[in-house]
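A short write-up of the structure that comes next.
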Amino acid sequence: MLNNFKKLSDHIGSLKGKKVLVRLDLNVPVINNEVRDPFRINQSLPTISVLREAGARIIILSHIENADTSSLSGVAKFISGYYPVRLVEGMDELRSAAHDMKDGDIVMFENLRLFDGEKANSSVFATELAAVADAYVNDAFSVCHREHASVVLLPKLLPAYAGTLLCEEIEKLSCAFNPPHPFVFVLGGAKFDTKLPLMLKFLDLADTVFVGGALANDLLKEKGYEVGSSLVSKSRVNLSPIISSLKVITPVDVVATNSYGNDIRRIESVDVADRIVDIGPETVAQFANAIAGAKFVLWNGPMGDYEHGFSSGTEGIAQAIIESGAYSVMGGADSVAVVRNAGLLDKFTFVSTGGGAMLDFLANGTLPGIEALKQ
Ligand code: ADP
Ligand code: MG
């Protein structure tokens, strides 16, 4: 179903001398024009290299949303450590730069979101961009859930190809639709309303579903436990199919904080003055036990309020997944941040570059940006 689009790797030979718009996600932290975390850029470099070696004329498109800057100039400077890159600011400059390009040259168009037409999904904007090029590559999985001009309109205007990284995301995440068993699904983080479709889908597909983080607070509350002032979802969702499922495991102990400090509590002992901020050690041990024989694990969402130092539950879960030896797929901006800080990122079989895009892909089996590539 997902393979009825053209893969860049199958068509690379036809792109010599062609001007190619390459949509990447180079939205990385930049401070004082210096890239602070090059993960996404590094993930994109192979695609740029392959196009360069094939003699394509590369026009990079990306957005950046950053407290410090709205320019891709720091990103262009970082990439110029590998290949010469010319950053161009507006449509006129783009047209003249594209006209002058030679095979293997790289031009980077300034932050797409500086142009109203990008988010507005404007066909005028897309048509102007498409006019400078002969082909389009999407290698920005993490923005494929957005109906933006560079994601869903450009592939309708030019011969369009799926980049290597995009294909890998689709392939690895799709394993979860036909997983080897036992399959354990681990869900944490916050906001049940955004994660419910995912939860219900994997309640069907998985053998065991472990719920931690603030989502577990909702389940514990629904089961009648006291959760004090813990974070719970604002909108009411129907949790009864989850509560009644025998596949679902919720925490047996938690880290609770109150005006006297932090304590590890059995969930029966959480007090009205408490706030649950992490899962407890017995829960981690029980989870490690439950996961020991797993063949496939899919994980999204931290187990606790890691921004305030409560990351040990999340690290314990990460360690248990790694030690199980299961095929492990994880993602989500916050989950990746905790695992990266713990130095465990490269121990997972696959780490998705997508946050919202990963959740939507897993829930729906496709994304608008992927559908738009089908010709
Ligand atoms: P991801 O980005 O990995 O998909 P989410 O965005 O769903 O994850 O959730 C991350 C947020 O959930 C973090 O801000 C974290 O602090 C919060 N969180 C997790 N558990 C708790 C908890 N027990 N109490 C408060 N916040 C929590
Ligand atoms: Mg998040």
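All of the numbers you see were taken from the coordinates with simple rules; none came from a lab. What you are looking at is a predicted structure, and each value in this text was computed from that prediction instead of being measured. All Cβ positions, glycine included, derive from the backbone under ideal geometry; neighbour counts span all protein chains shown.
Of note:
- Evaluated with a Cβ-only charge set (Lys, Arg +1; Asp, Glu -1), the range 264-375 carries a dipole of roughly 360 debye about its Cα centre, given to the nearest 20.
- Backbone geometry of the range 59-75 corresponds, through the Karplus equation with coefficients 6.51, -1.76 and 1.60 at θ = phi - 60°, to 3J(HN,Hα) couplings of 10, 7, 10, 7, 10, 9, 10, 8, 5, 8, 7, 10, 10, 8, 5, x, 5 Hz, x marking Gly and Pro.
- Degrees separating the helix 312-324 axis from the principal Cα axis of the chain, which is the longest one: 80 degrees
- Remark: C-alpha extents of the range 1-144 on the principal axes read 40, 39, 32 Å, sorted largest to smallest.
- Measuring against 23 Å, Cα to Cα, the residue pairs K18/K156; K172/K195; K16/K156; K6/K102 contain K6/K102 as the ones spanning a longer distance.
- Toward the positive end of the charge dipole of the chain, with +1 on the Cβ of Lys and Arg and -1 on the Cβ of Asp and Glu, the farthest Cα among I243, N32, A56 is that of A56.
- Amide H contacts under 5 Å for V137: L21, V22, R23, Y161, restricted to partners 5 or more places along the chain or on a different chain, H placed in the peptide plane at 1.01 Å from N.
- Across the range 16-82, Cα pairs under 8 Å and at least six residues apart give a relative contact order of 45 percent.
- Nearest 10 degrees, 0 to 90: helix 192-205 Cα axis against the chain principal axis: 80 degrees
- Spatial offset of the range 130-188 relative to the range 82-123 amounts to 22 Å, using the alpha carbon center of each.
- Prolate/oblate/rounded label for the range 106-160 (Cα gyration tensor, a/c 1.5): rounded
- Simple Cβ-charge dipole of the range 26-163, Lys/Arg +1 and Asp/Glu -1, about Cα centre, in debye nearest 20: 240 debye
- Anisotropy class of the range 138-281 from Cα gyration tensor, a/c 1.5 cut: prolate
- Signed unit charges on C-beta, dipole axis of the chain, positive-most listed residue V184, P197, V151: V151
- Label-point separation, E371 to A292 (7 Å along Cα→Cβ), nm: 4.5 nm
- Ranking A133, A120, I106 by how far each Cα lies toward the positive end of the dipole of the range 74-133 (charges on Cβ) leaves I106 at the top.
- Per-residue Karplus couplings for the range 264-278, computed as 6.51 cos²θ - 1.76 cosθ + 1.60 with θ equal to phi - 60°, are listed in order as 8, 10, 5, 5, 5, 9, 5, 9, 4, 8, 8, 10, 6, 10, 6 Hz, Gly and Pro entered as x.
- Backbone geometry of the range 23-29 corresponds, through the Karplus equation with coefficients 6.51, -1.76 and 1.60 at θ = phi - 60°, to 3J(HN,Hα) couplings of 7, 10, 9, 9, 7, 10, x Hz, x marking Gly and Pro.
- Counting neighbouring beta carbons within 10 Å and listing from fewest to most, the residues D204, D278 come out as D204, D278.
- Sorted from longest to shortest, the spans of the Cα atoms of the chain along the three principal axes equal 71, 43, 36 Å.
- The chymotrypsin sites (Phe, Trp or Tyr not before Pro) of the range 219-294 that DSSP puts in a loop, and whose beta carbon has at most 12 other beta carbons within 10 Å, are Y260.
- Hits among aspartates and glutamates - C-alpha to C-alpha of K223 under 16 Å, sequence gap 8 or more where chains match: D253, E268, D271
- The order of the peptides 145-156, 77-88, 125-136 by mean Cβ neighbours within 10 Å, most packed first, is 145-156, 125-136, 77-88.
- Charge dipole (debye, nearest 20) of the range 1-71; +1 at Cβ of Lys and Arg, -1 at Cβ of Asp and Glu: 520 debye
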